[in-house]
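The values are calculated or read from the model by the stated rules, or taken from the named source; none is laboratory data. In this text, all values refer to a predicted model and were calculated from it rather than measured experimentally. Here the Cβ positions follow ideal geometry from the backbone for every residue, glycine too, while neighbour counts run over all protein chains shown.
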Amino acid sequence: MNKNQRPVFLNLTKIRLPVTGMVSIFHRLSGLLLATCIPLLIYLFDLSLRSPQGFAEVQQLLQSPLLKLVLTVGAWALSHHLIAGIRFLLIDIDIGILKTSARRSAWITHALTALILSIAIVVIWL
Amino acid sequence: MRWSLGGFRPWLFQRISAVYMLGFLLFFMLAIYSCPPTDYQAWREWFAHPVMWMATAIFFVSLFLHVWVGLRDVILDYLHNVPIRLVVLISLGISLISLTLWVFRALFTVAYL
């Protein structure tokens, strides 16, 4: 690294990422978020299968505001990661690789994520 | 097995695990929605069923493979200092192996106790 002296421009507030780049970086961010949720997921899974008390405990935990918040963020991360992932798989098999269709599918990814997130918010909080 | 931190094989693992997890999650959400397990007994019987048990085990193995490839890519992109990179990669590996053991202990308890 740093073998040459090329200028590096990394002012994140000034970089205007195109919508396709947005899908890409959100895919990475949501994957990171989901990965950090795995220990919690396995903890709850293990507890719920241990005993009737554990099962009841998990049911109660899922009603706590903190876990509801985690679930909401998780719902965003999961829906974005899945939809953007399907988009990337389609691009792998040469579907939607042109600039216009790639931009369109990027917008569709954001729209579907927003839709699923709103449904998830209703299910989790109401 | 050739040791490499990139290439076609991890790329393929990532795709195959992604497709499997997508199918499993859709099936799982549909099952939760159509016949929600309301008590412990029903929930336990779900995972005690050999097909569901196996499908869940494959799901978690896919998940850990997928996370390994994904986080490995992130680490290789952002951490350029080789010793730090190595330490972080090894910690990730140990964490994922521990999580695998943890979830398999939970699954085996359901199957055999």
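Numbers below:
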item	result
Matching option when the condition is more than 10 Å from chain A (Cβ to nearest Cβ), closer than 30 Å to A:Ala56 by Cβ and modelled with pLDDT of 90 or more, among B:Ser17, B:Ser34	B:Ser34
Residues satisfying the stated conditions in the stretch B:23-46, i.e. over 30 Å from A:Leu89 (Cβ atoms) and β-branched (Val, Ile, Thr)	B:Thr38
Residue satisfying condition, being within 18 Å of the chain's Cα centre (by Cα) and more than 10 Å from chain A (Cβ to nearest Cβ), within set B:Arg85, B:Arg105, B:Arg72	B:Arg72
Test for A:Ser105: is it crowded, with 16+ Cβ neighbours inside 10 Å, hydroxyl-bearing (Ser, Thr, Tyr) and within 21 Å of B:Phe60 (Cα to Cα)	no
Per-region count, the stretch A:37-59, residues more than 10 Å from chain B (Cβ to nearest Cβ) and under 21 Å from B:Gln14 (Cα atoms)	1
Residue in the stretch A:36-50 that is free of Cβ contacts under 8 Å to residues at least 12 places away in the same chain, over 30 Å from B:Tyr40 (Cβ atoms) and in a helix (DSSP H, G or I) present	no
Output for the stretch A:85-94, where each listed residue is surrounded by 12 or more Cβ atoms within 10 Å (Cβ to Cβ) and out of contact with any Lys or Arg (no Cβ under 8 Å at 6 or more places or on another chain)	A:Gly85, A:Ile86, A:Arg87, A:Phe88, A:Leu90, A:Ile91
Those residues of the stretch A:85-105 which are in contact (Cβ under 8 Å) with a residue 40 or more places away in the chain and under 23 Å from B:Val67 (Cα atoms), in sequence order	A:Gly85, A:Arg87, A:Phe88
In the stretch A:1-23, the residues that are in a helix (DSSP H, G or I), touching a residue at least 40 places away in the same chain (Cβ under 8 Å) and over 11 Å from the mean Cα position of the chain (by Cα)	A:Val19, A:Thr20, A:Met22
All helices (runs of 4 or more DSSP H) inside the stretch B:25-113 with 3 or more residues being without any contact (Cβ under 8 Å) to a residue 40 or more places away in the chain and either touching a His at 6+ places or on another chain (Cβ under 9 Å) or closer than 24 Å to A:Leu78 by Cα (or both)	B:50-78, B:82-112
Residue tally, condition within 14 Å of chain B (Cβ to nearest Cβ) and either within 23 Å of B:Val19 (Cα to Cα) or in a helix (DSSP H, G or I) (or both), over the stretch A:60-93	21
Check on B:His66, modelled with pLDDT under 95, within 10 Å of chain A (Cβ to nearest Cβ) and either buried (at least 16 other Cβ atoms within 10 Å of the Cβ) or over 22 Å from the mean Cα position of the chain (by Cα) (or both)	no
Subset of the stretch A:24-40 [buried (at least 16 other Cβ atoms within 10 Å of the Cβ) and either β-branched (Val, Ile, Thr) or over 15 Å from the mean Cα position of the chain (by Cα) (or both)]	A:Ile38
